[in-house]
Amino acid sequence: MEFIDLKTQYRQIREDVATRISRVLEHGRYIMGPEVEELESRLAAFVGSRHCIGVSSGSDALLIAMMALDIGPGDEVITTPFTFIATAEMVAVLGATPVFVDIDPATYNIDPQRIEEAVTPRTRAILPVDLYGQCADMEAIDAIARSHGLPVIEDAAQSFGATRHGRHACALSTIGCTSFFPSKPLGGYGDGGACFTDDDDLAERMREIRNHGQDRRYHHARLGLNGRLDTLQAAILLAKLDRFPDEIRRRQEVASRYTTLFAERGADSSAKPDSGASLLTPYLDPANTSVFAQYTIQVDARDRVIEALQRQGIPTAVHYPVTLDRQPAITGRCRSHDLTHAHRLQSRVMSLPMHPYLESGEAERIVRAVAAALSPSSATKENAP
Ligand SMILES: *Cc1c(COP(=O)(O)O)cnc(C)c1O
């Protein structure tokens, strides 16, 4: 069993991918070829955003977005500590300070009520993350940002294709950033990412920044990066895009199957963290649809569950075992408010195999294995001499 199966999808799209790739190899425009623009207009239409700028990775999307907003040394960016390193890392790479506030214990996304108290005269942006594929409370965040005249950057690396009140992730704030890392909901066969905005001026800056700050050939108006999306990755993503809506549906079906099977065994959802259940399934905010980049549960005795599953050939992962305020690379470069929920969750969450082609028999086997590892008799057995 695989944690994320990418080969089943490949077998189904092999012909399209081969045709698309050979077209690029024939026309030879490997850098900024026509596929990049084609992908950008299709993604912009999909998301409902005026502009899409294809870039080299999700991390570079965040970096380019913040560079376009002139974020640098002395500036503060309010964000969540319960995310992949890139979110705060890119803030720190620019010499700015990540300011961490706690998460909502039901959705695991940044708690908008904690943002207000973290705003200072140095705050330059708010950077929420759509963790595990579910959008943060973007209206509340946008409202706080508006009242302070701040831009919002949505880290939608895990949520491309998700919606909130019917609007797509990446189109819910000033700039939306996503990733096409192979294991993300829309993944390529290498690195890639994109920035989205409705702001014409920011779009132009981001287009320049991804290409060495060049405004016309060999004229460099500002500092930039080599941050372009490869033509080949754009071609592969175009081949994958047709199936993407169907794959989102399949992911949601896999997630509901897991949740139903766990509920039959007495699990509660993370909306009731104090219910006393030894296992909590993901809570989906009713305003949201999730793309389930991960299906992440909370358990007592996580190590025991992980080991038991491993013995049965079921792979798992922990997203994330260490909050970013406690990462050696970040600790000395950040400021933190109360992070009680994030710190509690880092030792309780674990993610189960999740991809569009996970079969119902597999889901049943996984749920049975988790339930058995958590049952009191299993604990007693392991403690017996
Ligand atoms: C994957 C990820 C990124 C970085 O994307 P890359 O394409 O790997 O650079 C940033 N933020 C979050 C939340 C992610 O999950």
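Each reported figure results from applying straightforward, stated rules to the coordinates on display, with no laboratory input. Just so it is clear, the model here is predicted, and its values are computed rather than measured. All Cβ positions, glycine included, derive from the backbone under ideal geometry; neighbour counts span all protein chains shown.
Laid out as a table, the results:
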{"item": "The range 244-375 - Rg over Rh from alpha carbon coordinates, Kirkwood radius", "result": "0.99"}
{"item": "Highest to lowest packing among 89-96, 270-277, scored as the average C-beta count within 10 Å", "result": "89-96, 270-277"}
{"item": "Most mobile listed residue (200, 137, 155) in the chain, GNM with C-alpha springs under 10 Å", "result": "200"}
{"item": "Translational diffusion of the range 223-300, µm² s⁻¹ [Kirkwood Rh, Cα pairs; Stokes-Einstein; 10 °C; 1.306 mPa s]", "result": "104"}
{"item": "Length added when fully stretched, residue 300-residue 29, from 0.36 nm per residue minus Cα-Cα", "result": "92.2 nm"}
{"item": "Computed lengthening from residue 18 to residue 307, 0.36 nm per intervening residue step minus Cα-Cα distance", "result": "100.0 nm"}
{"item": "Estimated [θ] at 222 nm from DSSP helical runs (n ≥ 4, -39500 (n - 2.57)) normalised by residues in the chain, nearest 500", "result": "-12000 deg cm²/dmol"}
{"item": "Binned Cα-Cα distance frequencies in the range 260-312 - 10 Å width, integer %", "result": "22, 48, 26, 3"}
{"item": "Hydrodynamic radius of the range 54-109 per Kirkwood, over alpha carbon pairs, in Å", "result": "11.8"}
{"item": "Sequence-distant residues sharing a close amide H with residue 55 (under 5 Å, placed H)", "result": "193, 194, 195, 229"}
{"item": "Cα-based equivalent ellipsoid of the range 134-257: semi-axis lengths in Å, sorted from largest, via gyration tensor", "result": "27, 23, 9"}
{"item": "Cα gyration tensor of the range 90-130 - equivalent ellipsoid semi-axes, whole Å, descending", "result": "20, 13, 7"}
{"item": "Compactness relative to 2.2 N^0.38 Å, alpha carbon Rg of the range 65-183", "result": "0.96"}
{"item": "Solvent-free Debye scattering, log10 I(q)/I(0), computed from the Cα coordinates of the chain at q = 0.13 Å⁻¹", "result": "-1.06"}
{"item": "Two-site label geometry, residue 225 and residue 256: point separation in nm, points 7 Å out along Cα→Cβ", "result": "3.8"}
{"item": "Within a Gaussian network of the chain (alpha carbon springs, distance under 10 Å), most fluctuating of 32, 67, 350", "result": "32"}
{"item": "Within the chain, longest stretch free of exposed trypsin sites (Lys or Arg not before Pro) [DSSP loop, at most 13 other beta carbons within 10 Å]", "result": "218-385"}
{"item": "For the chain, built as a Gaussian network whose Cα springs stay under 10 Å, the top-fluctuating residue of 317, 255, 194", "result": "317"}
{"item": "Counting all C-alpha pairs of the range 180-229, share separated by more than 12 Å (%)", "result": "65"}
{"item": "Contact order normalised by residue count of the range 244-375, Cα under 8 Å, 6+ apart, percent", "result": "34"}
{"item": "Two-decimal ratio, the range 1-114, of alpha-carbon radius of gyration to 2.2 N^0.38 Å", "result": "1.43"}
{"item": "Cα-based reach from residue 240 at 18 Å (exclusive), listing aspartates and glutamates while leaving out same-chain residues under 8 positions away", "result": "5, 15, 16, 35, 37, 38, 40, 191, 230"}
{"item": "Residue-wise HN-Hα coupling along the range 202-217, computed from phi with Karplus coefficients 6.51, -1.76, 1.60 (Hz; x: Gly, Pro)", "result": "5, 4, 5, 4, 5, 4, 5, 5, 5, 10, 6, x, 7, 9, 9, 3"}
{"item": "Built amide H within the under 5 Å cut-off of residue 119, gap 5+", "result": "none"}
